[in-house]
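The values are calculated or read from the model by the stated rules, or taken from the named source; none is laboratory data. Given the structure is predicted, the values throughout are model-derived calculations rather than measurements. Ideal geometry is used to build each Cβ from the backbone, glycine not excepted, and the neighbour counts take in all protein chains shown. Ligands, DNA and RNA are excluded from the accessible area calculation, which covers all protein heavy atoms including side chains. Shrake-Rupley method; radii C 1.70, N 1.55, O 1.52, S 1.80 Å.
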Amino acid sequence: MKKSLGVKPYLFPMPVLMIATYDENGTIDVMNMAWGGISDNDKVTCNISEGHKTTKNIKARQAFTIGIADTTHLAEADFFGSASANKLTNKFERTGMHALKSQNVDAPVILEWPLTVECTVLEAAQNVTGYRVVGKIINVLADESILTSEGEVDPSKLNAFAFSPFDNAYYALGTRIGSAWKSGKKFLS
């Protein structure tokens, strides 16, 4: 028996994406965002509110980075989702985190995030989903510590976590349980 729960944003896992931008003065802003993800081989889509400082920065700079937060920096990631750069001018500095300017886009690379996706803006507009930003992936940066011997990202080393809309909590990710396009092959014959 299934119980109806009504209309709720109940998908899991929801990514914990850390969007980093520069404002008009070159100040770093980072925002925790769960409403987004990969939308093509070289594109990401983010749905954010037009009132965020991050949105203003994206409009002005036409670039952003997306970092994948790790469990070591869960408190900082949560803070970036709780505090508004519209109210706290030193939001990034409060965390003690570090950044460098991207060599590929006009946005910061947060050094503590083990994986960073560098993006330029392809499309940005207010619509029924909120302020929708489509970014073109220009490059991906990965700490060597999360790479396999073949130079690919090892998800078990990423120590990423996901947001749960069921209980407003974070859950660690990283245990491999199967292989894509192989685990279900028994049903093909």
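Numbers at a glance
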item	result
Computed lengthening from V121 to L100, 0.36 nm per intervening residue step minus Cα-Cα distance	5.6 nm
Square roots of 5 times each gyration tensor eigenvalue, C-alpha, the range 79-189, largest first, Å	30, 20, 18
Selection of chymotrypsin sites (Phe, Trp or Tyr not before Pro), the range 1-88, meeting DSSP coil and at most 16 other Cβ within 10 Å	Y10
Expected 222 nm ellipticity per residue - DSSP helices of 4 or more, -39500 (n - 2.57), all of the chain, to 500	-3500 deg cm²/dmol
Heavy-atom accessible surface of the range 1-145: percent carbon and sulfur, 1.4 Å	53
Exposure rank, largest accessible area first [S183, S102, S189, S4; 1.4 Å]	S189, S4, S183, S102
Simple Cβ-charge dipole of the chain, Lys/Arg +1 and Asp/Glu -1, about Cα centre, in debye nearest 20	860
Nearby aspartates and glutamates by direct alpha-carbon distance to K56 (threshold 19 angstrom, same-chain neighbours under 8 apart not counted)	D23, E24, D29, D106, E118, E123
Dipole magnitude of the range 1-110 about its Cα centre (Cβ charges: Lys, Arg +1; Asp, Glu -1), debye to nearest 20	440
Anisotropy class of the range 39-82 from Cα gyration tensor, a/c 1.5 cut	oblate
Mean Cβ neighbour count within 10 Å, used as a protection proxy, ranking 28-34, 47-53, 139-145 highest first	28-34, 47-53, 139-145
Cα-centred dipole magnitude for the range 83-122, charges only on beta-carbon of K, R (+1) and D, E (-1), debye, nearest 20	200
Global geometry of the range 52-115, whether rounded, prolate or oblate, following the gyration tensor of its Cα atoms and the 1.5 cut on a/c	oblate
√(5λ) per eigenvalue of the Cα gyration tensor, the chain, largest first, Å	28, 21, 17
Mean projected area (nm²) of the alpha-carbon convex hull when the range 1-81 is viewed from all directions	7.8
Probe 1.4 Å, accessible area per residue of the chain, Å²	60
Highest average packing first - 67-73, 95-101, Cβ atoms within 10 Å	67-73, 95-101
Dipole of the chain [Lys/Arg +1, Asp/Glu -1 at C-beta], most positive-end residue of M1, P165, S179	M1
Separation of the L88 and V153 label points, Cα + 7 Å toward Cβ, nm	2.6
Listed residues A124, T95, M14: farthest to the positive end of the dipole of the chain (Cβ charges)	M14
Taking the chain and dividing mean pair separation by its residue count, relative contact order in percent (alpha carbons under 8 Å, at least six apart)	23
